[in-house]
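Note sheet for the following structure.
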Amino acid sequence: MPSAGEIAPDFELKNQHGEAVRLSDYRGKKVLLFAYPKAGTSGCTAQACGFRDNFAQIQTADAVVLGLSPDEPAALARWIQAEKLGYDLLSDPDHEALEAWGAWGERSMYGRKYVGVIRSHWIIGEDGTVLDAQVKISPKKSIEKALKFLARVS
């Protein structure tokens, strides 16, 4: 799991169009990478739409947004269209990137334990260094903390 100050682990995943996207493609820009459990669910929609609604502020910080989940590209495309998200969502069905980023592990819901996505976000600097890491965070706090951090480093 990368911490602030460490080089971000690169990955290559398919986006909602089935196109390959690598984190290293974004060198020279800040990246707000967020991990969420499942497209279309209430908490995930709140988080994704929060970034959508504050996209101008994110762009002002010279940053891009990438979402990361185990959903297949077709499900991501439907969600983007339904919520009018203006950024790429990445499919990690084998959860290799999610594991490398520390966002795959034991969770608990209604007293039942299971393994899945741990809601998180990271801000990666122009040089590929992790500037901020927030693992196990609520949708609302994810939006607040990411925007506050980007405002400080822009």
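At-a-glance table
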item: Filtered residues of segment 103-124 (kept if of a type outside the set (Lys, Arg), in a loop (DSSP other than H, G, I, E, B) and modelled with pLDDT of 95 or more); result: 103, 118
item: Residue among 85, 13, 33 that alone is open to solvent by less than 10 Å² (accessible area, probe 1.4 Å) and either touching a residue at least 40 places away in the same chain (Cβ under 8 Å) or not acidic (Asp, Glu) (or both); result: 33
item: Residue list for segment 97-144, filter: of a type in the set (D, E, K, R) and within 16 Å of residue 66 (Cα to Cα); result: 119, 126, 132
item: Test for residue 67: is it in contact with a strand residue (DSSP E or B) (Cβ under 6 Å, 6 or more places away or on another chain), at positive phi and open to solvent by less than 50 Å² (accessible area, probe 1.4 Å); result: no
item: Exclusive hit being of a type in the set (Gly, Ala, Ser), at pLDDT 95 or above, farther than 16 Å from residue 116 by Cα and open to solvent by 20 Å² or more (accessible area, probe 1.4 Å), set 18, 50; result: 18
item: Of all residues making up segment 91-102, the number that are assigned to a loop (DSSP other than H, G, I, E, B), touching a strand residue (DSSP E or B) at 6+ places or on another chain (Cβ under 6 Å) and closer than 23 Å to residue 17 by Cβ; result: 2
item: Failed item in (1) charged (D, E, K, R); (2) part of a loop (DSSP other than H, G, I, E, B); (3) open to solvent by 20 Å² or more (accessible area, probe 1.4 Å), with residue 78 passing the rest; result: (2)
item: Residues of segment 126-154 satisfying the condition of being surrounded by fewer than 17 Cβ atoms within 10 Å (Cβ to Cβ), small (Gly, Ala, Ser) and more than 14 Å from the chain's Cα centre (by Cα); result: 151, 154
item: Hits in segment 103-119 (condition: open to solvent by 20 Å² or more (accessible area, probe 1.4 Å) and within 15 Å of the chain's Cα centre (by Cα)); result: 104, 118, 119
item: Members of segment 1-10 found to be open to solvent by 20 Å² or more (accessible area, probe 1.4 Å) and out of contact with any Lys or Arg (no Cβ under 7 Å at 6 or more places or on another chain), listed by number; result: 1, 3, 4, 5, 6, 7, 9
item: For residue 56: the one exception among (1) farther than 13 Å from residue 90 by Cβ; (2) open to solvent by less than 10 Å² (accessible area, probe 1.4 Å); (3) among the small types (Gly, Ala, Ser); result: (2)
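The values are calculated or read from the model by the stated rules, or taken from the named source; none is laboratory data. Nothing here was measured: the structure is a model prediction, and the numbers come from that model. For neighbour counting, all protein chains shown are included, and Cβ atoms are generated from backbone atoms with ideal geometry for every residue, glycine included. We work out accessible area using only protein heavy atoms, side chains counted, and drop any ligands, DNA or RNA first. Shrake-Rupley method; radii C 1.70, N 1.55, O 1.52, S 1.80 Å.
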